Structure formats: C-alpha cells, structure tokens
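Every number here is computed from the coordinates shown, using simple stated rules; none is lab data. Everything numeric here is computed off the predicted structure, so don't read it as measured data. So basically every Cβ, Gly included, is an ideal-geometry build from the backbone, and we count neighbours across all protein chains shown.
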Amino acid sequence: MNYTPPTPDDLQQLKNDLGRTGKQMAELACVGEQHWRKYTGGADPKAMPYPNLFHLAAQLTLTPAELERIYARMREIGAETPQEDSSRS
C-alpha cells in the first residue's frame, strides 16, 4: 500500500476546520489525547498510522447507520463493539 500520512499542519488544520478539541479529535482517530498531540506538533511529530487516519475519516464520512453495519459485521467476526456510536456529532 502506498500511504503518505498527512502533515502535522494538515491535522491541525482539520481540527481547526471542524472546531473540535484535541480530545475529540483523538476519539475520532481512535488514539489517546497524548498521541493526537504527537501527530500535530512538538519537537519530533509522529506520522499518523493509516488505520487511525482511516478510522478518523470513516467517523467523519459515514452515517450512524453505515457505522452500525460495520460494527455489526465486527460483532459477527467475534468482536465486542458499541451498539450505537453516540460520540459522533
């Protein structure tokens, strides 16, 4: 897979455009708040891994019903997931 992660500035701009807090962005990317800060700055910013960016984009793009279809499939495979994702807004 050919993947080039967004820059720290790209991620900070997305956060600003969405008007979200760092904690909210961390939840969307399925990372801890400290990890979000590592992706958006500091002396040695880290690259956001593909799965985390994919999760963030899915949370921003898919409807609650579409997300529920994915969660249902994950449960069929054997995972435990939320029945509804009430954190999206």
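Things to note:
- Rg/Rg_globular for the chain, with Rg_globular taken as 2.2 N^0.38 Å and Rg from C-alpha atoms: 1.15
- Here is how the number arises for the chain: DSSP H runs of 4 or more residues each give -39500 (n - 2.57), the sum is divided by the residue count, and the result at 222 nm is -18000 deg cm²/dmol.
- Cβ-to-Cβ counts within 10 Å put ASP10, ASP44 in ascending order as ASP44, ASP10, the fewest first.
- Rounded to whole numbers, the Karplus 3J(HN,Hα) couplings from phi for the range 34-43 are 5, 5, 4, 4, 5, 7, 10, x, x, 5 Hz, using 6.51 cos²θ - 1.76 cosθ + 1.60 with θ = phi - 60°, and x at Gly and Pro.
- Fluctuation leader among GLU27, GLU68, GLU76 - the chain, Gaussian network, Cα springs under 10 angstrom: GLU76
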